[in-house]
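> Mind looking over this structure? Questions follow.
No lab work stands behind these numbers, since they all come straight from the coordinates. Because the structure is a prediction, the values reported are computed rather than measured. Glycine gets a Cβ as well: all are built from the backbone with ideal geometry, and neighbour counts include every protein chain shown.
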Amino acid sequence: MSVFTWLDYRADLRTTLTNNVCECKNKFIQRAVNKMLDISLALEQEENYLWYKGDPDYLMWFYTLGMVENGWKNILNQQLARNWTSYYWSLASKETGIKRTHSALPRTSITFLDKSLGDPIFKLEDVAQDKQLKKILKQNNALSTFSKQKRLDLVVGDGAYIVNIDSQASETPILEYVDGRDCQFEWLGDKITAVIIFKRFSKDGDIYTLVERRTTERKKVLLKNSYTTYAVNEYALFHNDSKRGFIECKLNTLPETKNLEEKVIYPLPFMLAIPCVREIDDATQRGVSAFRGRIDLFDDLDQSLSMESNTLRASTPVEYIDSNLLEKDKEGKPIIPSTFGKQYTIYKGAENYNQTPNQIQTTFYQIDFTKLSVESQENVSRCLNGWISPASFGFDISRKDNAMAQREKEKITIQTLKDYKEYEIPIMEDVAKVLIACDNLMNDKNYKYEDIKIEVKFKDYATPSLSEKIGAYKEAYLSGAISIDRYIDELYGDESEDAKEKEKQALLQAQNKEKLDFNFLEQE
């Protein structure tokens, strides 16, 4: 579904639900559908996505035609949308004959963070499980799905992985990611207890919405004072009828949903969904986009770049041409030359233009572009402030910098990636565990879940070599400024505790022999 259709769908849905009550046998699903009335959240999410998408036409449509034709300004509190009417992308639509330039910085930033973090590296204690996971990930093209999740979590603010068991479609569990525009969460305190997914279908011109609720249930074990937890998937299909409302219909109405049951229970102790929620907004209990507070700055950057581009066009040479020198069309009118980057003025009667007759004369404008260029660079820095170091994008970096100096200049980027890594690791661990458990269940109906030992790592960004680390910390260690534990930690911070202890003992052994040689560390 296109962006335009999606927004129209949400606006139409809100109108339908406002005038009619959604009735559903499953009260949890009914409550989730009614939450879709929050069009302000939908618009914020879609606004962030459009900046990431990076298409100037979509941006201009969103801030002009979309707001007017779909009446979203009337839906929103006027205080929320008031600033939008002053955005460059709103005002630019009223201008003709100008070039509108988009920086693509939002998409470039998200892509940079995704690629800098890299792909997750899974390590399982059980060799058979390690091979099993690799097979599942390969069949799901999981690296592409992981990349999608990493990017859209930053853009939209949240989302969820869902795992489907369908032996007719695949011999392994099917992994899917849904971003926050099409999912909701149920909370119990600070814990997410259910994930609700919305999927849209069309049939004979009508729109249908499949609502999935993935959660867990606890059941008391007979004759025992204990409980067993089960994974539960619940499904309901709705027909979006503008006159009668959001009407629940049978699951077999559509070919895509005919094989679903209203409730399916799996003997697994966790729901078949892994929520991905970044920094939580307490007001909405939804994730916060990395673009929050930066949209105004992105708009300023596009304005400055557009001004620079249009000023460059306006400053191109102007050639004054005597009409006698030009070819004529069938009607005898002069044909204006068509050459990009030049402006032409045709004159007849040299005395009126202070020009020499029967000659082509060129004039040049003297414009200082330095101010415009500096303003654009300043806007880039403002957009990246507190998020990504400008040095990461090649600003003000000496080619002679070694890795240690580079890390100093990229502290903000390194910290952002560190936080990002800490956010991603538990998500990847849960994804791997659910996939393996579902795969085991597909192959053995009597399977009973046992905890899966797994370790997830991501590569380090701008990591100095071991020799550079030794050069940086050797003197501090020898002088007693840092302890041996701190020294080993700086050199082997990402290694396991056993590996660091091994290096520590090797260093102590070398010291005891009074043959301290730092070169042996480089040979590891």
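> List the residues whose amide H sits under 5 Å from the amide H of E248, counting only those 5 or more places along or on another chain, with H placed 1.01 Å from N in the peptide plane.
E23, H239
> Still on this structure, please answer the following. I'd like the distance separating the alpha-carbon centroids of the range 136-175 and the range 420-444, in whole Å.
Answer, in whole Å: 11.
> Taking 0.36 nm per residue of separation and subtracting the Cα-Cα distance, what length does fully extending V127 through D460 add?
117.4 nm
> Under a crude label model (7 Å from the Cα following the beta-carbon direction), how far is Q139 from Y227 in nanometres?
Computed distance between label sites Q139 and Y227 equals 3.4 nm.
> Follow-up. Ordered by residue, what ³J(HN,Hα) values in Hz, to whole numbers, does the range 109-123 give under the Karplus form 6.51 cos²θ - 1.76 cosθ + 1.60, where θ = phi - 60° and Gly and Pro are x?
Once rounded to whole Hz, the list reads 5, 5, 4, 4, 5, 4, 6, 5, 5, x, 7, x, 10, 9, 9.
> Which ³J(HN,Hα) values in Hz, rounded to whole numbers, follow from the phi angles of the range 274-280 under the Karplus curve 6.51 cos²θ - 1.76 cosθ + 1.60, where θ = phi - 60° and Gly and Pro get x?
10, x, 10, 10, 7, 3, 8
> Using a Förster distance of 30 Å, how high is the FRET efficiency between I425 and Y449, based on the Cβ-Cβ distance and rounded to 0.05?
So the FRET efficiency works out to roughly 0.90.
> Distance check, please: which entries in K459/K502; K35/K421; K27/K243 exceed 27 angstrom between their Cα atoms?
Details: K459/K502 22 Å; K35/K421 31 Å; K27/K243 22 Å.
From K459/K502; K35/K421; K27/K243, over 27 Å: K35/K421.
> Here's another thing I want to ask about it. Give me a comma-separated list of calculated 3J(HN,Hα) values for the range 152-160, in order, Karplus coefficients 6.51, -1.76, 1.60 applied at θ = phi - 60°, integers in Hz, x for any Gly or Pro.
Going residue by residue, I get 6, 4, 5, 6, 7, x, 6, x, 7 Hz, with x marking Gly and Pro.
> Okay, next question. Need one number: nm distance between label points at V264 and R218, each 7 Å from Cα along Cα→Cβ, rounded to one decimal.
Rounded to a tenth, the inter-label distance reads 2.6 nm.
> Okay, moving on. Hey, fewest Cβ within 10 Å first, where do W51, W187, W84 land in order?
Working: W51 27, W187 11, W84 20.
Going from sparsest to densest Cβ surroundings: W187, W84, W51.
> Mind listing which GluC sites (Glu not before Pro) in the range 246-319 are in a DSSP loop and have 16 or fewer other Cβ atoms within 10 Å?
Answer in residue order: E256, E261, E262, E279.
> For S289, what residues show an amide H to amide H distance below 5 Å, using hydrogens built from the backbone and excluding near sequence neighbours?
none
> Taking the Cα atoms of the range 219-271, report the difference between the largest and smallest coordinate on each principal axis, in whole Å and largest first.
52, 22, 17
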